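Below is one structure, written out as structure tokens; comments come after it.
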Amino acid sequence: MTQKIEGHHENVTLKLFVDSATRVARAGGALYNVPSQQDKIVVVTGANSGTGRETTRRLAGAGAHVIMAVRSQEKGDAAREEILAQQPDARLEVHLLDLADLSSVKSFAETLANEKRPLHLLVNNAGVMAPPKRFETVDGFELQFGTNFLGPFALTLRLLPLLLATDGSRVTTMSSTVAAMGRIRFNDPQRRRHYSPYPAYAQSKLADLLFAQELASIANRRNWDLISNAAHPGFTRTNLISAGASLGRDRPRRQWTSEAKFLPSQGVEQGSEPLLYAAASPEAVSGVYYGPSRYFGLVGPTTIARVPRSARKPHLGERLWKLAEQLTDVELPDAT
Ligand SMILES: NC(=O)c1ccc[n+]([C@@H]2O[C@H](COP(=O)([O-])OP(=O)(O)OC[C@H]3O[C@@H](n4cnc5c(N)ncnc54)[C@H](OP(=O)(O)O)[C@@H]3O)[C@@H](O)[C@H]2O)c1
């Protein structure tokens with residue numbers, strides 16, 4: 001059976017005919033089998049925890065050489081050891097990257113550029129959620145807008161020369177179902193006038209989705225051999241709720257908040273599958289958004305997720321892109 005799926009984007013409406021078999025990344029309760037990633041070099045941000053660690057483990061299990069981009073050497077080394085204990089042949093290296101500090105993003109990208117290795121895949125996974133009070137990144141951005149969007153924006157643009165030098169490269173960015181509730185407040189993106197934790201988180205996750213779509217649209221216009229897509233993990237049991245404002249410092253982690261425990265949720269193995277599918281499947285498509293298929297996208301096997309109305313406003317992605325360029329002082333490379 002063939003199904004018509006429309007992923008709308010500013011100037012481009014992607015009309016895709018996707019065989020229904022490609023909509024479900026796993027069947028019969030089995031975990032998604034990541035296709036061979038042999039000889040691929042990939043970067044996963046937030047690789048020490050949650051969906052980032054699981055994505056790292058499964059990509060490495062499929063043969064990828066994974067650069068684990070983490071903000072704490074200690075946590076990165078511990079995660080690497082844990083994965084190696086399960087998969088002794090995994091090829092993993094830990095690199096420091098603090099997305100809440102643009103100078104760290106720059107030096108991470110410069111290190112990779114100087115090494116002159118190819119780069120096949122960037123997984124923009126790391127994120128923080130809803131710190132109860134307003135914090136800022138090193139560069140003075142609201143913590144979530146800075147860490148979840150502006151840092152990954154700068155990272156992606158700085159890594160583009162490496163990605164574009166590699167055939168069939170890919171950028172996969174993690175968004176969230178809360179993007180549907182998000183609004184980009186162009187007159188106060190840093191939420192200085194009024195800060196509220198969840199609207200600020202929703203803004204950053206909407207920005208992630210718009211960014212993935214805009215990059216797909218730019219790649220399409222410029223005939224780049226690059227896929228940009230997005231994913232969300234539904235509601236997945238990870239450290240996210242307490243990761244908020246720690247900025248890598250050790251502090252006690254709170255458990256699930258009371259409102260969360262009434263919602264259907266899933267373990268990290270299943271929760272990482274939309275991201276893994278978007279990042280690794282030969283059937284995954286540029287400009288498309290992947291997520292779980294059941295209970296309003298909170299749990300279940302991977303499917304193509306509906307792009308929320310908040311992300312379908314004309315020229316929104318383009319406007320956000322310009323804002324991000326101004327704020328980060330990073331632009332698309334000249335020669336492209
Ligand atoms: N879990 C869910 O239900 C859910 C739902 C929707 C979207 N998401 C998204 O899924 C992604 C992964 O989150 P998760 O659920 O796996 O949570 P997690 O276990 O807390 O993982 C978040 C990762 O991001 C890293 N990180 C945070 N700030 C960073 C910074 N400044 N620089 C570099 N890395 C940083 C964290 O490092 P530390 O360990 O050092 O803190 C950690 O490795 C996030 O983008 C999140 O918004 C999750």
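Relative to the Cα centre, the charge distribution of segment 39-328, modelled as +1 at Lys and Arg Cβ and -1 at Asp and Glu Cβ, gives a dipole magnitude of about 1040 debye.
Taking all protein chains into account, the per residue accessible area for segment 39-328 stands at 40 Å² (1.4 Å probe).
Here the gap between residue 103 and residue 81, fully extended at 0.36 nm per residue and compared with their Cα-Cα distance, gives a gain of 5.1 nm.
Largest accessible area first, the listed residues 65, 194, 232 line up as 194, 65, 232 when surface is computed with a 1.4 Å probe on the assembled protein chains.
Sorting 188, 329 by solvent-accessible area of protein heavy atoms yields 329, 188, largest first, with a 1.4 Å probe. Using R0 = 30 Å, the C-beta based FRET efficiency linking residue 331 and residue 192 works out to 0.75. Our coupling estimate for segment 267-276, obtained by passing each phi through the Karplus curve with A = 6.51, B = -1.76, C = 1.60 and θ = phi - 60°, is x, 5, 5, 6, x, 7, 5, x, 5, 5 Hz, Gly and Pro reported as x. Its alpha carbons considered, segment 145-209 gives a radius of gyration followed by a Dmax of 13.9, 45 Å.
Using a simple spin-label model with pseudo-atoms 7 Å out from Cα toward Cβ, residue 33 and residue 114 lie 4.3 nm apart. Put simply, the amide H of residue 91, placed in the peptide plane, has neighbours under 5 Å in 66, leaving out anything fewer than 5 places away on its chain.
In segment 39-328, carbon and sulfur make up what percent of the accessible area (probe 1.4 Å)? Carbon and sulfur: 50 percent of the exposed surface of segment 39-328.
Proximity of backbone amide H atoms, modeled 1.01 Å from N, is registered between residue 122 and 43, 170, 171, 172 at under 5 Å, excluding neighbours fewer than 5 places apart on the same chain. Accessible area of residue 40 (1.4 Å probe, protein heavy atoms only, ligands and nucleic acids ignored): about 70 Å².
The values are calculated or read from the model by the stated rules, or taken from the named source; none is laboratory data. All figures in this text were calculated on a predicted structure; none of them were measured in a lab. Cβ atoms come from the backbone with ideal geometry, glycine included; neighbour counts cover every protein chain shown. Side chains included, ligands, DNA and RNA excluded: accessible areas come from the protein's heavy atoms. Shrake-Rupley method; radii C 1.70, N 1.55, O 1.52, S 1.80 Å.
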